[in-house]
């Protein structure tokens, strides 16, 4: 019998279109959990994160057994070259090719860019290296967690501590002109103001500046009580070195917003006597020393890990535990599992995945940089002088500016 005689014209047309149209491909179930360490492999932050971050993440995978729920775990290193546009492009490619988690993101500009891609793609992003508190503030989103430290915690420890002193009221700041630096300047400004001080002048320097002599001479001529250095990595080292060369460390206090163990290794004489805040120290207790020994053996060279590298390991283990607990890599189920969860490990003490703004809060540590003749062991530069609990170290939930929409 003729088909047209049995079917109305409209129904026949629909059937023919349906039969002839190509079918949408069905997404294959991946047999691999894919983690990308998106980091600075060759630039100013390579020593504090870079290859060492990849080593730490792979150690976590190996310690977990190399698989979860019968799926192989794969770690990929991606060099973002400190370029937010490149970082976003590479993250999108990674997620489009079945990637599950973007990790590290040392450099706040790249962290914010990849966070935006994660929100678009509904993929998880855990920032351990980028410091901007905007990640849990104006730019917060469901699929991004800020794990290790942020500019608020650094400012409201180091900054508030110095500004509370009689000779710590007037500040001259040198900061990098990208997301981390501008947020660090804002958070330090608030912290200093809370103690009755002020940042009287702030000079912005492009990322990767090599000659900071003009900046530190301008600060010297301004005669502040405190020079605030709000950059990180090689930029911070070069600024501090110039400040020492021109004698600013004799004329005023030097406040360093973010200092890593790798920085002190590079220039110990410049940083001796400085007081900073860190999220972890390799020699703080037996568990930290044991993990640091394992990392050093895997990495080679006899150096010790930074707190960012330790946080990469910790965050990876937490993520894999979440996959195991929820039965898969579904980001929404993992977020529901993590939100509000409390935990402790060798890196995190008194930790919690905060549901309100996706800040992962934990103890922070105020430390002094020891002189060479006081070291108990090579690279043991830090002396912990105060442990700051999470409710003091991180922005109170009541003050959060995250407009939660999930």
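Throughout, read-outs are computed from the coordinates displayed, never taken from laboratory work. Since we're looking at a predicted model, the values are computed, not measured. Positions of Cβ are generated from backbone atoms using ideal geometry, with glycine treated the same way; all protein chains shown enter the neighbour counts.
In plain terms, the residue of 203, 269 with the fewest other Cβ atoms within 10 Å comes first and the most crowded comes last, giving 269, 203. Working note: 222 nm ellipticity from helices only, DSSP H runs with n ≥ 4, each -39,500 (n - 2.57), summed and divided by the residues of the chain, gives -12000 deg cm²/dmol to the nearest 500. Equivalent ellipsoid of the stretch 229-325: semi-axes from √(5λ) of the C-alpha gyration tensor, largest first, are 31, 15, 11 Å. Between the helical axis of 286-299 and the longest alpha-carbon principal axis of the chain there is an angle of about 70 degrees. The angle separating the long axis of helix 179-194 from the principal Cα axis of greatest extent in the chain is about 50 degrees.
With a simple spin-label model that places each label point 7 Å from the Cα along the Cα-to-Cβ direction, the separation between residue 246 and residue 392 comes to 3.5 nm. Pick from 371, 268, 305 the residue whose mean-square fluctuation is largest in a GNM of the chain, springs joining Cα atoms under 10 Å. Result for the chain, Cα springs under 10 Å: 371 fluctuates most.
The coefficient of translational diffusion for the stretch 284-351, derived via Stokes-Einstein from the alpha carbon Kirkwood radius under 4 °C and 1.567 mPa s, stands at 97 µm²/s. Report, in degrees rounded to the nearest 10, the 0 to 90 angle that the Cα long axis of helix 108-121 makes with the longest principal axis of the chain. For 108-121 against the chain, the angle is about 20 degrees.
Note on 172, 365, 337: ascending count of other Cβ atoms within 10 Å places them as 337, 365, 172, the fewest first. In the stretch 110-193, the convex hull through the Cα atoms has an average projected area of 5.5 nm², a quarter of its surface area.
Among 147, 281, which comes first, then next, by fewest other beta-carbon atoms within 10 Å?
The most exposed by this proxy come first: 281, 147.
Taking a ≥ b ≥ c as the square roots of the eigenvalues of the Cα gyration tensor, the chain is classed as prolate, since a/c reaches at least 1.5 and a/b is larger than b/c. Shape verdict for the stretch 262-398, please, from the Cα gyration tensor: rounded (a/c under 1.5), prolate (a/b greater than b/c) or oblate. The shape class here is oblate.
Taking the convex hull of the alpha carbon positions in the stretch 152-278 and averaging its projected area over all directions gives 6.5 nm².
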